[in-house]
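Everything on this sheet refers to the single structure shown next.
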Amino acid sequence: MNIANRKYIIVLFILVIGVLYSLRLFYMQVIDDTWVLRAQEIAEKRKEILPPRAVIFDRNGLKIVSNKTYYNLMFIENNISRLDTIAFAKLLNWTPIQVRERFAEIKEGEGVYRNKSSGKKTPNYQKKRAYPFLKELSLEEITNIALHLDNFPGFYEEVTSMRSYPFSNGANILGYLNEATRKEIDKDRFYRPGSNIGRSGIERFYEKELRGRKGIRYVVTSAMNNPIESYANGKYDTIAKQAPGLKLGMDITLQAYGELLMQNKKGCIVAIEPESGEILAMISAPSFDPNLLVGRRNIGLNYPKLATDINKPLFPRPLQAEYPPGSIFKLVQSLIALQEGVITEDTGFPCNKSVVGCHNHPNASGVAQAVQYSCNPYFYAVVRKVIQQRKSKNTFTDAEIGLNLWHSYMNSFGLGKKLETDVSGQRPGLIPDSKYYDRIYGRHQWAFSTIRSISIGQGEIKLTPLQMANIAAIIANKGWYIEPHFVKSIGDSGPLPVYQKKNYTMVEAKNFSAVIEGMRRVVNEPGGTGSAARLKDIMVCGKTGTVQNSQGEDHSVFIAFAPMENPKIALAIFVENAGAGGTWAAPIASLIIEKYLLSKISDSDKEKRIIEATLSNFNKP
Amino acid sequence: MRKNDSLLSKLDWPLFISFMILVFLGLATVYSVAFNEENPSIFAFSEKYGKQIIWLGASFFVGLLIFLIDADYYSKIALPVYISVLVLLVIVLFMPPINGARAWLGVGSLGVQPAEFAKIATALLLSKYISELVVTFQTIKTVLTACLILFVPAFLIALQPDAGTLVVFSSFLFVMYREGLTFDPIILRILNTIPGIKFKSTWLGNHFIPVLFVFLFLCIITLVLSNVQFYLWGFPNNPLQGSTGVVLTLGSISLLLLLFIRRISSKRDRPRMILVIALGFVITASISLFVDKAFSGLAKHQRNRIELVLGLKEDPDGGDYNRNRAMAAVGSGGALGKGYMGASVSSIESNHVPESETDFIFCPFAEEWGFMGSIVLVATYLFMLLRIVFIAERQRAPFNRIYAYCVAMILFYHFAINIGMNIGFAPVIGIPLPFFSYGGSSILSFCIMVFILLKLDSQRIDVL
C-alpha cells in the first residue's frame, strides 16, 4: 500500500470514534432513561411538604381546633456516617442499647413487602428514605438536640404540626388523629410513614377536606446531600396549601356548658337548630379532654386508660347508644294517629289502668291533654287504632298491614335508620316491622296485643339520642327536618347542598298543633310532668320520658324545643339511670335552652343542683 | 515575502472558526459551572471564568506573536524549545506535589504545567527530525531515534506522575505511522527465523500501529463494559454482558462493510477484502472474548489493580463513582438538556461530578444542552480534526505536514479519551478537553498549538 494512503486509516479512526460516540450519546441521552433516574436519585430530590391541617371554628367563629408546632428528629440511614452511638445516646439521655433497639424497631415496624407473583419478600424499609427517629418533640426538647446535630450527619430536625384544642370540649364529636397504618399508606399515596390521619369523629369524616394539598419541591442536592437550590427554578414545584377552615354549627360555649352540667353523670345532650338541622351541641357524658389524644406519645399513654375506663368515655353515646325512648315516643304516636285519621284532636280515651299501668290523673279528653298527662292507657288505645285499622278481616293480617304502615311513618321521622349526618359510627336504632315479629312469633302469629308495649316507647323500640333530638326538631318545624349535621360550611362556601334539602315526614303540618299544645302544657300547666323545665321568659315545649330498663333505675329523658313560636333550638336530654324524666332531664333542658337563647341563667339553684349531682351509677375513679 | 495584511486572506477560516466556536462554548460552560452569584460578571477575575478569560487573552496575545514570527523559524527553534521543556520537566520534579503529582511550576493560580507544553515541543522536534531524514523512515535506527524523542519527555512526565499526558504521547505513534513507520523489519526478522517461511513484507508489520490501537481499544472497551449489562431493543428481559455487546457491535460493523464492499474496494481486490473483513471480525471478536474471560479469571487483587488503572474503581466507596456520576449527568441531559446554567448533577456547587470545570467539563455541557448540544460539540470536533488532516495533506513542506498531523492526533486523543470517559467508553484518565476545560496551561498550550498550525498553513505557498 502506498504510504500516502495511510491518511485514510487515520481519517477512518477519527470517523469511527466520532460516529461511535454520537450513537452512544444518542442512546444515553435520548433513548435510555436509566441515567435520568440515576440523576434524580443522586441530585434531584422530591420533597413533600405537608400543609397544616385545616382549622375548625364553631358557629360564632371561635377557633376550636387548631395546630401547634412540634419537631421530629429524622434520619436517613444512607447519610449517616460513623455514628458515635455513645455520644448520640448521651445527647438523647438514652443508653446505647436503646438507640440500637430504636433503629431495629423502625426497620421492623416498616414490615415486609411480599411480591404476589414471585412470592419474593423485600423489607419496606429503605436506607435512602427518611424516617422519624424521635417524634413530636417540643421546642425545648429539640433545641437541646439540634445544637449538636452537626456532629451526627444523617440526622436532621423536621417541623410537624399537631392538633391543639383551645377548649377541652367536644372530644367525641371532633375525634382524634393517629398515625396512618401501613394499609392506609398503601391505599392512598397522600400518606407516608409517620403521617397522621383522622381516626374518628369529624377528623375522620372530613379527612379529605381537612388534610389540604401537599406541596412538592424539587431540590438539587449536593454530594453531601444538602439541598442547594430549587430544581429548574421551581418550575415543577407546587405549594403546600392548607385546606379552608371548617365552620361547625356547634356552639362551643353551649357544648362546654352541657359538658359541665353532665359531669359525674352518664348520658347525652343533643341540641339542634330546627330550621337548619345544624347540631348546636352534642354532649356525650362522661367526656374527656381532646388534648389527651394528641400525638403518638399522648395516645400511647392515655388511650388505654380511656378505653378501659368503666364509664366508657370513648363511647359516643349520642350516636351509638340505643335506648328505648319511653314516653317521648307518645308524641310520634299521636301524630301518626291524627294523620291516619283514626283519632281527632278531641278524641278521648279513659285512663284504664287495667290495661297498662299509669299514674293518677284526670281522664284525657283530647290529644293535648293526653300528652300533658302522659297517659299510658290513652296511647295504648291510640296505637291499637293505628295498627288495627280493620283493613283486613283477619286480625293478624290486619296487624301486619297496620304495623308496616306505622313502620313507614316512623322511617319518615328518621327512626329505625341511620340519619345522613356527617359523623360516622352512627347506629340506626330499632323500629320493628312485620318481618321482625314474624321472626320472633311466626307469620300471622301476632297482633297488636302481642306487641302493645311499642305504643309507649318500650319493648323492642330503640332510638339514639340524636334521633330523639331530631323528633323535637321535626315537631318544631311541623313536619320536616334537615339531616342533623355538624359542618355549616367548608371555608366560605356556605351550607353544603346535602344539608339544604327538607325531608318531609308523612304527617302534614296541620296535625302538629295539638301535639305542640300538649308539649306546652307538659312544661307550663299544672299537672304537666315537665314543670322543672319551665322558664319565665321563654315558652318551652317539651315531653318527659321515664324509661324502664332491666339494668337498674329508670333513665331520665326529656325532649323539647323553644321558643314555642319560631323555635330556635330543639333538644333531647338523656340521663342514664337517673329516675323520672321530670327530675333530671327536664331541668337540664331548661338550663341549656336559657343558656343558648339568653346567655344567662336565671335559676342558679337549679344549675347548682345539677352541676353538683353525682349519680349513683357513675363510677368515680 | 508577502505582506502581513494578506494574512487574513490566507488564514484557514474553517479551522479558525471551528476553533473559535469551541473556545466560546468552553468559556460559556466554565461560566455556567463556576457561576458565583456574588461575582456575576464574566470578567470577575477572582472567579474561574474571569481567570479563563485572562488565559484566553494571554493565548490570543501569544497567538499574535506567533503570527509575527516567520514560519521557517519553527523548525529552527524546535530543538532549543524541546531542551528547555525537558529542563522544566526535570525542575518540576523537585516542586512540592499538588494532589499527589509534581506537575506544577510556579505558585497558586499562576502555576503552569510544563507537561502541557512538552506536547508542542515534542511535536516540533519530531516534525523536524522526520522531515529532515534523507534516508527512508524505516530503518531501525531512525525509528528508535524518533521513539527516543517521544520517550524522554514521556518518561519525565511518568515520573510526576501524569498518566493522562503520558497516554497522549502515544498519539505521536500515529503520526509516525502516517510518515511510513513500519515494524516490518522486526516482524520479518522474527518470522523468517521459522524454517520454510520467507516473507518479503507483512500486513501486520506495515500497519502495526493501527492494529495495536484497535487491539488496545477493544481490550479497554471490553474491560470497561465487563460489568455492564445492557438490553437489546425488543428484548427487555434478556440482559447481555458487555463483551457480548462488543462482539455484536463488531459483527454489525463487519456486516456493514460487507454490504458496502462495492464502494471500498476494486473488483480485483474484493475476495481478498472479504477475507480480511471476515478474518478481522473473527480475530477481534476472539480477542474481546479472550480478554473478558482472562480478566474474570484473574485473581481478585489483580483484577482490582486493573480496575483501578482503568478507573473502574476509583472512589473509596468501591464503586466507579466518578464515571457513574459523570454518566448520570450526561445521560440526564436528555434530548434537549436542562437549560443553560441548569445542571443539577454536575454543577460545582452540587459537587456530584468531581472536576466538573476541568476534566469532566463535558458533563455540565451535555447536561445543560442535552443530545442537541452534545452532537454539535462532537460534530465540531470531528470537523476540526478532519480539517486539520486536510490541511496537513495540502502542505508542501514535510515539516508542516508532520506538525499538522501531530496537532490532529493530540487533539483527537484528548477528544476521544475525555468524551469517552464521560460516556463510559474510556477509563477515567485525567486529561482536559481541548479549548473547553478550565486551566491556564491547557488553554495556552492548545491555542499555541493551533496558532502555529494556522501560521504554518498560511505560509505553505512560500515553501519551495
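Just so you know, all these numbers are worked out from the coordinates, no wet-lab data involved. Only a predicted model underlies this, so the values are computations on that prediction, with no experimental measurement involved. Cβ coordinates were reconstructed from backbone atoms using ideal geometry, including for glycine residues, and neighbour counts include every protein chain displayed.
Here are the numbers:
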| read-out | value |
| --- | --- |
| Relative contact order for chain A, counting Cα pairs under 8 Å that sit 6 or more residues apart, in percent | 14 percent |
| Relative exposure of B:Ile221, B:Ile83, judged by other C-beta atoms within 10 Å (fewest first) | B:Ile83, B:Ile221 |
| Rel. contact order, % - alpha carbon contacts under 8 angstrom, at least six apart, segment A:70-159 | 55 percent |
| Taking B:Val247, A:Val423, A:Val367 and counting other C-beta atoms within 10 Å, the order from fewest to most | B:Val247, A:Val423, A:Val367 |
| Shape call, segment A:70-159: gyration tensor on alpha carbons, a/c limit 1.5 | prolate |
| Positive-pole candidate from B:Thr244, A:Ile310, A:Phe155, dipole of the protein assembly as shown, charges at beta carbon | B:Thr244 |
| Of the DSSP H helices in chain B, those whose Cα atoms cover at least 20 Å axially and whose Kyte score averages 0.0 or more | B:13-34, B:48-68, B:73-92, B:114-131, B:140-158, B:208-224, B:242-259, B:270-297, B:362-393, B:398-422, B:440-458 |
| Dipole moment magnitude, nearest 20 debye, the protein assembly as shown about Cα centre, only Lys, Arg, Asp, Glu C-beta charged | 2780 debye |
| Other protein chain Cβ atoms within 10 Å, averaged over every residue that makes up B:174-184 | 2 |
| Long-range HN-HN contacts of A:Gly479 with modeled amide H, under 5 Å | none |
| Of the DSSP H helices in chain A, those whose Cα atoms cover at least 15 Å axially and whose Kyte score averages 1.0 or more | A:6-26, A:465-477, A:585-598 |
| Loop-resident sites, segment B:45-126, for chymotrypsin sites (Phe, Trp or Tyr not before Pro), counting at most 16 other Cβ within 10 Å (DSSP) | B:Phe45, B:Phe94 |
| Stretchable slack from B:Ile197 to B:Thr249, in nm (0.36 nm times residue separation minus alpha-carbon distance) | 15.2 nm |
| Packing-based order for A:325-337, A:306-318, using average beta carbon neighbours within 10 Å, highest first | A:325-337, A:306-318 |
| Of A:Gly528, A:Ser599, A:Leu335, farthest towards positive along the dipole that unit charges on Lys, Arg, Asp, Glu beta carbons give chain A | A:Leu335 |
| FRET efficiency for A:Asp537 and A:Asn352, using Cβ-Cβ distance with R0 set to 60 Å, rounded to 0.05 | 0.90 |
| Point-to-point label distance, A:Glu209-B:Ala379, nm (Cα→Cβ direction, 7 Å offset) | 6.0 nm |
| Normalised contact order of segment A:469-621, rounded percent, pairs of Cα under 8 Å and 6 or more residues apart | 18 percent |
| Burial order of peptide ranges B:396-409, A:465-478 (average beta-carbon count within 10 Å, highest first) | A:465-478, B:396-409 |
| Mean Cβ count within 10 Å, highest first, over the residues of peptides A:268-274, B:24-30 | A:268-274, B:24-30 |
| 222 nm mean residue ellipticity, helices alone, for chain A (DSSP H n ≥ 4; -39,500 (n - 2.57); rounded to 500) | -10000 deg cm²/dmol |
| Ranked list, fewest to most other Cβ atoms within 10 Å of each Cβ, for B:Ser243, A:Ser164, B:Ser458 | A:Ser164, B:Ser458, B:Ser243 |
| Spacing of the two label points (7 Å from each Cα toward its C-beta) at A:Leu301 and B:Phe260, in nm | 8.0 nm |
| Pairs beyond 21 Å (Cα-Cα), from A:Lys330/A:Lys417; A:Lys107/A:Lys183; A:Lys417/A:Lys510; A:Lys107/A:Lys135; A:Lys265/A:Lys305; A:Lys266/A:Lys305 | A:Lys417/A:Lys510 |
| Value of [θ]222 nm, deg cm²/dmol, for chain B, DSSP H segments ≥ 4, -39500 (n - 2.57) each, nearest 500 | -21000 deg cm²/dmol |
| Under Karplus coefficients 6.51, -1.76 and 1.60, residue-wise ³J(HN,Hα) of segment A:263-272 in Hz, glycine/proline x | 5, 6, 9, 10, x, 8, 10, 10, 10, 10 |
| Partner chain coverage, peptide B:334-346 - average Cβ within 10 angstrom | 4 |
| Formal net charge of residues neighbouring B:Phe451 (Cβ-Cβ distance under 13 Å; K, R +1; D, E -1) | -1 |
| Average beta-carbon neighbours from other chains, 10 Å sphere, peptide A:455-468 | 0 |
| Interchain or long-range residues, amide H under 5 Å from A:Gly267's placed H | A:Ala285, A:Glu576 |
| Pairwise label distance in nanometres, B:Leu8 with A:His148, each label 7 Å out on the Cα-Cβ vector | 7.4 nm |
| Point-charge dipole on Cβ atoms (K/R +1, D/E -1) for segment A:448-606, about Cα centre, debye to 20 | 360 debye |
| Anisotropy class of segment B:1-132 from Cα gyration tensor, a/c 1.5 cut | oblate |
| Dipole magnitude of segment A:70-159 about its Cα centre (Cβ charges: Lys, Arg +1; Asp, Glu -1), debye to nearest 20 | 780 debye |
| Long-range HN-HN contacts of A:Val65 with modeled amide H, under 5 Å | A:Ile56 |
